[in-house]
1. Going by amide H atoms built from the backbone, whose H comes under 5 Å of the H on T60, apart from near neighbours?
2. Hey, can you grab everything whose amide H is under 5 Å from the amide H of L81? Only 5+ residues off in sequence or another chain; H modelled, so Pro and N-termini drop out.
3. Under 1.5 on a/c is rounded, so check that first for segment 1-83, then, if it is not, pick prolate when a/b is larger than b/c and oblate when it is not; a ≥ b ≥ c are the square roots of the alpha carbon gyration tensor eigenvalues.
Amino acid sequence: MISVLLADDQPLLRRGFRMILEAEDGVTVAGEAGDGAEAIELSRRCKPDVVLMDIRMPGTDGIEATRQITAAQPGVRVLVLTTFDLDEYAFGALRAGASGFLLKDVRPGELVAAVRTVASGDAVVSPRVTRRLLEEYAQLLPVAEDRQTGRYQQLSALTEREREVLAVVAQGLSNTEIAASLFVSETTVKSHVGRILAKLGLRDRVQIVVLAYESGLVRPGQAAPDWGAGALGAGLRCRRITGFTVRLVG
């Protein structure tokens, strides 16, 4: 049974989502929240599998609620609801730890499928769309103080092939496209992606794309960042891939 917490400041929307979800086998609504603060509290108490989170709510908004929920409960997946697919709020939610986003006019079948997909541990927004968001709002990215430390340091733990896979995942390529570009099987690509997620402590492919931009590993239309000598290991080299300069460590 998949438990879902609904967080939206519009009772009519919450009622509609509840009716759609509870009409499905294996899905139950654990609770409803009218704002971000209530969503944080109910998530702590109800421990849902998925939180369906409105981005724009009074008080604590959906971005901050997403950040707190995913930090305190790594097993909880957050699906954010937004009005436009290229939206700075959706961008912020992905950076805060959301596993994807849905438009508010989503069809009932797509809503149910998205909830099931996220509950299974996958993302429901394509990495390609995530990349479009990041390119659109790249100027909003702060210079990460821990770019050369913390979890970014873990990039040096990846094998050369894993770094190549990470670079093309960050472009938004599917497993099929990656397999074709690297001349390997899709099964091999899936194995590489799984190891990348485990080594970097990420939840899904969308988070790989976010990390690649946040760390400065990938920047649209710009030269690769200068990591500095010894920042992530010796012997840096660059590879030009479809308009991106990607700095590979090795």
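1. Distant-sequence amide H within range of T60: G36, A37.
2. Long-range HN contacts for L81: M53, D54, I55, L102.
3. Oblate is the answer for segment 1-83, as a/c is 1.5 or above yet b/c matches or exceeds a/b.
We did not get these values from a lab; they are worked out from the coordinates using the rules stated. In this text the structure is predicted, and so the values were computed from the model without any measurement.
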